[in-house]
Amino acid sequence: MYRPTLALATLAFTLSIAAAAEPQPSSDAYVILVSLDGFAASRLEDEELELPNLRASARSGAWAKSSQTIFLSTDHPAHTSIVTGVQPRLHGVLGNRMHNRETGEYFQVTNKPRTESVKVPTLFDAAKRKGYRTASFFWPENREDPALDHSIPLVLTGEAKADISAADPAFLQELRDNDVFIDFFFAWYNDLPLQTTSDRVLTRAATYVVETYKPHLLAIRLPAMDRYQHQYGPEHYLAKAALTAADYNVGLLRRATETAGIADQTTFIIVSDHGFHTIEHSVNVYPLFAQAGLLEEVNLHAYYLSVMVELTERFDPQKHLQALDKVFERVAELDGISRVIRPYEFASFGLPSYEEDVHVRGHYIILGGLDTRAVVDEGSESTRRTPLSAPLHGHGYLPDDDHMDPVFIMTGNGIRSGVRLDRVHILDVAPTIAHLLGLEMSNQSGRVLSEALTDPP
């Protein structure tokens, strides 16, 4: 078994790449889609951060001061919306982890084969139908994806480590044979002090594929920023350092297109799945249901920063609906609660209803406010908004909150220079890439960002 033993210094300076195969492009257009996980749009204008590559990309292309993610503004649903152009209600990825009410199974959705995890075609499917070469590096929901030619799939072990057994052994060996120390990525992925270096190794694998095979569509997700912000908070110096490290990786990818001789034909689209915010309070909604005598008629499920309310078989609308409505009125009045989403509103939030999908945990959603988490604490009778014992750094809010706005930059082939976009949506990424590559994708919820293109539709 190959084990990573070379010094980190060797890794840092190993940037020259030998071509291992003759690429056979069928088009002169290429797109590299980069997701900087957890990178908020506002960070681009934070002068305290060193972001030379991202800012140069924004100046030479188009960028949005704000962009909108999906609800619940979490990693896997958002990344799947980016490559499908539709809401979770349609693509079926409703959370990082999901629960099947009928079978009782709890599972990491990204550990399922791509044909089971995503219900609709992706950009990779559209590119493959056109005969294009494709590549993906740690993008969610791409296990055993037949539309990918080169892939390091995001598959996790029970200990939340990157699962090397899910990757193609021949591809791993090819990377090793060409001085890409891919085993470091898997060894360090769940080791927080080394995760920015893990991201560097993943980027190194992507640059090898760019220089060697010139894929028409390559997607890469860099996760270190998300991990550091969850652990330390978005304002911590280590979190900020992770953002700068990601910026350097973008520079490596741009350099790779120059080495491959395709820089003038390549479009970079740099996005994120969500922003970040620090949560310092919680509010307990359990006592209100207890006081109304509805504990046997509902199940309360903590869900990210929210509470899902599931009606049980004992719930009789004629007997209990009026009491439930009164509980929700009281819940909405609590300090720290944003709102209650009712069954008829799920579709407008991009979610399937309880009846439409066995993975939906409840009929109603109670949303915490900007810095407050809604909780279910059976041991407390208080509904007062109270400070947490330690801050919680995360996401999962409504997408119209500006803290959740993800970064959005387009630059390179086909992109106008110096364009400041109005508010865009991550659902706009797939139709825009489809236009740039001449792909056919139907039933898109987003739009082509024509105002940023030199050759709009």
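The values are calculated or read from the model by the stated rules, or taken from the named source; none is laboratory data. Since the structure is predicted, the reported quantities are computational estimates derived from the model, not experimental observations. Every residue, glycine as well, gets a Cβ built from its backbone with ideal geometry; the counts of neighbours run over all protein chains shown.
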Complete set of residues in the range 287-339 that are in contact with a Leu (Cβ under 8 Å, 6 or more places away or on another chain), of a type in the set (A, V, I, L, M, F, W, C) and closer than 21 Å to G394 by Cα: L305, V307, M308, I337
Among the numbered criteria (1) in contact with a Lys or Arg (Cβ under 7 Å, 6 or more places away or on another chain); (2) in contact (Cβ under 8 Å) with a residue 60 or more places away in the chain; (3) surrounded by 20 or more Cβ atoms within 10 Å (Cβ to Cβ), which single criterion is violated by V358? (3)
Candidate set: the range 41-71, residues that are over 27 Å from F124 (Cβ atoms) and among the aliphatic types (A, V, I, L, M); chosen: the one farthest from the chain's Cα centre (by Cα): A56
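Going by what's in this entry, would A302 be described as of a type in the set (A, V, I, L, M, F, W, C), crowded, with 17+ Cβ neighbours inside 10 Å and touching a residue at least 60 places away in the same chain (Cβ under 8 Å)?
Values: of a type in the set (A, V, I, L, M, F, W, C): yes; crowded, with 17+ Cβ neighbours inside 10 Å: no; touching a residue at least 60 places away in the same chain (Cβ under 8 Å): yes.
So A302 does not fit the description; no.
Please work out if V209 is assigned by TED's automatic domain parsing to the domain that holds F39, in contact (Cβ under 8 Å) with a residue 40 or more places away in the chain and closer than 28 Å to G158 by Cβ. Don't jump to the end; show me each part of the working.
On the way: assigned by TED's automatic domain parsing to the domain that holds F39: yes; in contact (Cβ under 8 Å) with a residue 40 or more places away in the chain: yes; closer than 28 Å to G158 by Cβ: no.
Here the answer is no, as V209 does not meet what is asked.
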It is to be established whether one or more residues within the range 441-452 are in a helix (DSSP H, G or I), in the same structural domain as T266 (by TED's automatic domain parsing), in contact with a helix residue (DSSP H, G or I) (Cβ under 7 Å, 6 or more places away or on another chain) and not polar (S, T, N, Q). no
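Every residue in the range 402-429 that is surrounded by 18 or more Cβ atoms within 10 Å (Cβ to Cβ) and either on the phi > 0 side of the Ramachandran plot or assigned by TED's automatic domain parsing to the domain that holds L351 (or both), please. Talk me through it step by step, then tell me what you get.
Let us first name the residues in the range 402-429 that are surrounded by 18 or more Cβ atoms within 10 Å (Cβ to Cβ), namely 403-415, 421, 424-429.
Once the filter is applied, which keeps residues that are surrounded by 18 or more Cβ atoms within 10 Å (Cβ to Cβ) and either on the phi > 0 side of the Ramachandran plot or assigned by TED's automatic domain parsing to the domain that holds L351 (or both), the range 402-429 yields G412, G414.
Here's the yes/no breakdown for (1) closer than 25 Å to S81 by Cβ; (2) in contact with a Ser or Thr (Cβ under 9 Å, 6 or more places away or on another chain):
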{"site": "D191", "(1), (2)": "no, yes"}
{"site": "T197", "(1), (2)": "no, no"}
{"site": "L202", "(1), (2)": "yes, no"}
{"site": "Y228", "(1), (2)": "yes, yes"}
Result of the Cβ filter at 7 Å on the range 214-240, keeping first residues that are more than 17 Å from I269 (Cβ to Cβ) and free of Cβ contacts under 8 Å to residues at least 40 places away in the same chain and partners that are outside any helix (DSSP H, G or I) and not β-branched (V, I, T), at least 6 apart or interchain, is A239/G233
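Being on the phi > 0 side of the Ramachandran plot and in contact with a helix residue (DSSP H, G or I) (Cβ under 7 Å, 6 or more places away or on another chain), is that true of even one residue in the range 102-113? Walk me through how you get there before you give the answer.
Taking the range 102-113 first, the residues on the phi > 0 side of the Ramachandran plot are 104.
Now narrow it down to the ones that are in contact with a helix residue (DSSP H, G or I) (Cβ under 7 Å, 6 or more places away or on another chain): none.
The answer is no; no qualifying residue exists.
Filter the range 288-339 for residues that are assigned to a strand (DSSP E or B) and farther than 20 Å from E378 by Cα and give the result. Outline the logic, then answer.
The initial filter retains those residues of the range 288-339 that are assigned to a strand (DSSP E or B), namely 298-303, 306-311, 337-339.
Selection gives S338, R339.
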Within the range 327-357, which residues are touching a Gly at 6+ places or on another chain (Cβ under 9 Å) and aromatic (F, W, Y)? Y354
Condition test on V109, is it within 14 Å of the chain's Cα centre (by Cα) and surrounded by fewer than 23 Cβ atoms within 10 Å (Cβ to Cβ)? yes
Test: residue in the range 342-357 that is at pLDDT 95 or above, under 30 Å from Q229 (Cα atoms) and in a strand (DSSP E or B): no
Touching a strand residue (DSSP E or B) at 6+ places or on another chain (Cβ under 9 Å) and surrounded by fewer than 22 Cβ atoms within 10 Å (Cβ to Cβ): does that describe L172? yes
Regarding the range 57-73, can at least one residue be identified that is free of Cβ contacts under 8 Å to residues at least 60 places away in the same chain, more than 17 Å from P223 (Cα to Cα) and assigned by TED's automatic domain parsing to the domain that holds D247? no
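Condition first: assigned by TED's automatic domain parsing to the domain that holds S151 and on the phi > 0 side of the Ramachandran plot. Can you find one or more residues in the range 284-301 that meet it?
Residues of the range 284-301 that are assigned by TED's automatic domain parsing to the domain that holds S151, as a first pass: none.
Within the range 284-301, none of the residues are assigned by TED's automatic domain parsing to the domain that holds S151 and on the phi > 0 side of the Ramachandran plot.
Could you identify the single residue in V34, V93, V120, V83 that is modelled with pLDDT of 95 or more, assigned to a loop (DSSP other than H, G, I, E, B) and surrounded by 23 or more Cβ atoms within 10 Å (Cβ to Cβ)?
Working: V34 fails: assigned to a loop (DSSP other than H, G, I, E, B); V120 fails: surrounded by 23 or more Cβ atoms within 10 Å (Cβ to Cβ); V83 fails: assigned to a loop (DSSP other than H, G, I, E, B).
Answer to the selection: V93.
Would you tally the residues in the range 87-134 being basic (K, R) and more than 28 Å from P215 (Cα to Cα)? Before the answer, list the steps.
Our first condition is that a residue be basic (K, R); within the range 87-134, this holds for 89, 97, 101, 112, 114, 119, 128-130, 133.
If we keep only those that are more than 28 Å from P215 (Cα to Cα) too, we end up with 89, 97, 101.
Selection size over the range 87-134: 3.
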